[in-house]
Amino acid sequence: MEIVYLIIAVIAIIILTTKLKIHAFLALFIISILYGIFAGMPYADIIMSINEGFGGTLGKIGLIIVLGVIIGAFLENTGGAIAIAEKVLKVIGSKRVPTAMGIIGYIVSIPVFADSGFMLLHPLNKSLSKRAKISIAGPAIALGLGLMASHTMVPPTPGPIAAAGILEADLGLVIAFGFPTSLIALAVGIIFAKKYASKTYIDPGVELTEDNTGESKDSPSAFKASIPILVPIVLIVLKSVLNPVKTGMDNAFIAMINFVGEPVISLLIGILLCLLLPKKINKEMLSSTGWVGKAIKDAASIILITGAGGIFGKILQNSGIAEILGQTLTDYNMGIFLPFVLAAAIKTAQGSSTVALVTTASIIMPMMGSLGFDSEIQKALVVIVIGAGSAVVSHANDSFFWVVTQMSGMNVNTGYRLFSLGSGLLGLTGAIAVFIFYTIFT
């Protein structure tokens, strides 16, 4: 019955937010509690899931959202984002914005969490869309899918590494097959964004005034404007590369890099670097009524909705629905598609790609021999196909769904139609690519 309750819950969220126009925060919060009650969860577990879901989600990305929105405010108000957009458009052409954002997102999300990557790149995405005079929907979906492709299928992101460890797969082979698989999936995702998502018009929301156009004499150069974006990304990458656990090195320099490479600290450094962008600094910019104050107000709604999405995901996790789906699906032998379907079911049920990767790997691990996954190549491909499944599908119980849709001005119905469908297509394409590799190499 839990699966039926999940379907009803998702439908109820869509109806409440789109038809009845109830704020997504309230809709998610109320439906989460009702699901827990009908699923038979103890009341104490429901309360614990609410606290852990909201606090845990915002503990990871709440400050990241606020800091990212503040950086975006500086880039928009100084004209820096438009200056970058002008430079990028000269290189890629005005018709290739979704392609550019998909590729940029893919590269950034290898070392950077998808939520952080979207926040860092969102101002550039808005400005490119406005300058190219196109809907932000296509580039936003391409960016979200690019971030998700590498996040779910390419180490060193945590999910694929954890799954590889559980299944004792060779990490080198996982990377070797993960790159082409995720790139094939990304290519299809970009086509989806260009041909389908772009047809839904959503205003980028950046006013091209004298204060923020690339032509304004007071605007920073494209290089200078890119520094608050690039420096945090570089710091986060360095933290990933110079991790003491991976390198075996542990000294004061490594400790400092691991400190400044934390997304919260690196984004704070990005805000400090934003102070280089205005021609003249005045305290009004940093006040509660200035750029910073307005940015924080804009971030509040996004934070609450994202936290409520975390509650929904945690309620589902603690209801045991992942175990129910695992027991149901493992009775069917579908070859290499079994891990994919299992991961997709768990991802759709509880929202977290990382949880779907780890849970599926744990369920599949005892059955690897009986399923015929014995060789090193087969183990690596199982990890990747689980990663592909963990992208299917991103919806209301996934915090990343709310980051992408709320930052891009999409309502819930549009988010399901564009991002949820796109994530499903991304994962399915990845699974087909793995099946082809599996047929050729095993």
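Listed here are the residues, each with its yes/no results for (1) β-branched (Val, Ile, Thr); (2) surrounded by fewer than 17 Cβ atoms within 10 Å (Cβ to Cβ); (3) in a loop (DSSP other than H, G, I, E, B).
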residue	(1), (2), (3)
Met249	no, yes, yes
Thr289	yes, yes, yes
Lys294	no, yes, no
Gln317	no, no, no
Ile346	yes, no, no
Contact list, first residue from the range 395-420 and closer than 22 Å to Ala345 by Cα and polar (S, T, N, Q), second anywhere and assigned to a helix (DSSP H, G or I) and at pLDDT below 90, beta-carbon distance below 6 Å, six or more apart or interchain, is Asn397/Phe312; Asn397/Gly313; Asn397/Leu316; Ser399/Thr57; Ser399/Thr306; Ser399/Gly309; Ser399/Gly310; Asn413/Thr18
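Residues are listed down the side, and each one gets a yes or a no for (1) surrounded by fewer than 22 Cβ atoms within 10 Å (Cβ to Cβ); (2) out of contact with any Gly (no Cβ under 6 Å at 6 or more places or on another chain); (3) at pLDDT 85 or above:
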residue: Ile47; (1), (2), (3): yes, yes, yes
residue: Gly55; (1), (2), (3): yes, yes, yes
residue: Val69; (1), (2), (3): no, yes, no
residue: Ile92; (1), (2), (3): yes, yes, no
residue: Gly102; (1), (2), (3): no, no, yes
residue: Ile107; (1), (2), (3): yes, yes, no
residue: Pro111; (1), (2), (3): yes, yes, no
residue: Met119; (1), (2), (3): no, no, no
Across the range 328-341, the tally of residues that are open to solvent by less than 10 Å² (accessible area, probe 1.4 Å) and at pLDDT below 85 stands at 0
Expected output for the range 235-256 (first residue charged (D, E, K, R), partner surrounded by 10 or more Cβ atoms within 10 Å (Cβ to Cβ) and assigned to a loop (DSSP other than H, G, I, E, B), Cβ below 6 Å, 6+ apart or cross-chain) is Lys239/Gly261
Subset of the range 94-128, residues among the small types (Gly, Ala, Ser) and touching a Ser or Thr at 6+ places or on another chain (Cβ under 7 Å), comes to Ser109, Gly117
For Lys133, the lone unmet condition from (1) more than 24 Å from Leu276 (Cα to Cα); (2) of a type in the set (Lys, Arg); (3) assigned to a helix (DSSP H, G or I) is (3)
Exactly one of Asp203, Asp211, Asp218 is modelled with pLDDT under 90, surrounded by fewer than 22 Cβ atoms within 10 Å (Cβ to Cβ) and within 24 Å of the chain's Cα centre (by Cα), and that residue is Asp203
Determine if the range 349-370 includes at least one residue that is at pLDDT 85 or above, surrounded by fewer than 24 Cβ atoms within 10 Å (Cβ to Cβ) and assigned to a loop (DSSP other than H, G, I, E, B).
-> no
The number of residues in the range 10-45 that are open to solvent by less than 30 Å² (accessible area, probe 1.4 Å), modelled with pLDDT of 90 or more and of a type in the set (Val, Ile, Thr) is 1
**Message:** Going residue by residue through the range 230-246, is there one that turns out to be at pLDDT 85 or above, touching a Phe, Trp or Tyr at 6+ places or on another chain (Cβ under 9 Å), closer than 25 Å to Ser129 by Cβ and open to solvent by less than 40 Å² (accessible area, probe 1.4 Å)?
**Reply:** no
Hey, any hits in the range 112-125 for a residue that's touching a helix residue (DSSP H, G or I) at 6+ places or on another chain (Cβ under 6 Å), of a type in the set (Asp, Glu) and assigned to a helix (DSSP H, G or I)? yes
Given (1) within 30 Å of Val69 (Cα to Cα); (2) open to solvent by less than 60 Å² (accessible area, probe 1.4 Å); (3) assigned to a loop (DSSP other than H, G, I, E, B), Leu273 misses just (3)
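A quick yes/no check of all residues on (1) farther than 24 Å from Val434 by Cβ; (2) among the hydroxyl-bearing types (Ser, Thr, Tyr); (3) buried (at least 24 other Cβ atoms within 10 Å of the Cβ); (4) within 17 Å of the chain's Cα centre (by Cα):
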| position | (1), (2), (3), (4) |
| --- | --- |
| Gly80 | yes, no, yes, no |
| Glu86 | yes, no, no, no |
| Asp115 | yes, no, yes, yes |
| Leu124 | yes, no, yes, yes |
| Pro139 | yes, no, yes, yes |
| Met153 | no, no, yes, yes |
| Ala162 | no, no, no, no |
Expected output for the range 308-327 (first residue more than 21 Å from Leu26 (Cβ to Cβ) and at pLDDT 80 or above, partner in a helix (DSSP H, G or I) and not charged (D, E, K, R), Cβ below 6 Å, 6+ apart or cross-chain) is Asn318/Ser49
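The values are calculated or read from the model by the stated rules, or taken from the named source; none is laboratory data. As the structure is a prediction and not an experimental result, all values here were calculated from the model. Glycine gets a Cβ as well: all are built from the backbone with ideal geometry, and neighbour counts include every protein chain shown. Keep in mind that these areas ignore ligands, DNA and RNA; they rest on the heavy atoms of the full protein, side chains included. Shrake-Rupley method; radii C 1.70, N 1.55, O 1.52, S 1.80 Å.
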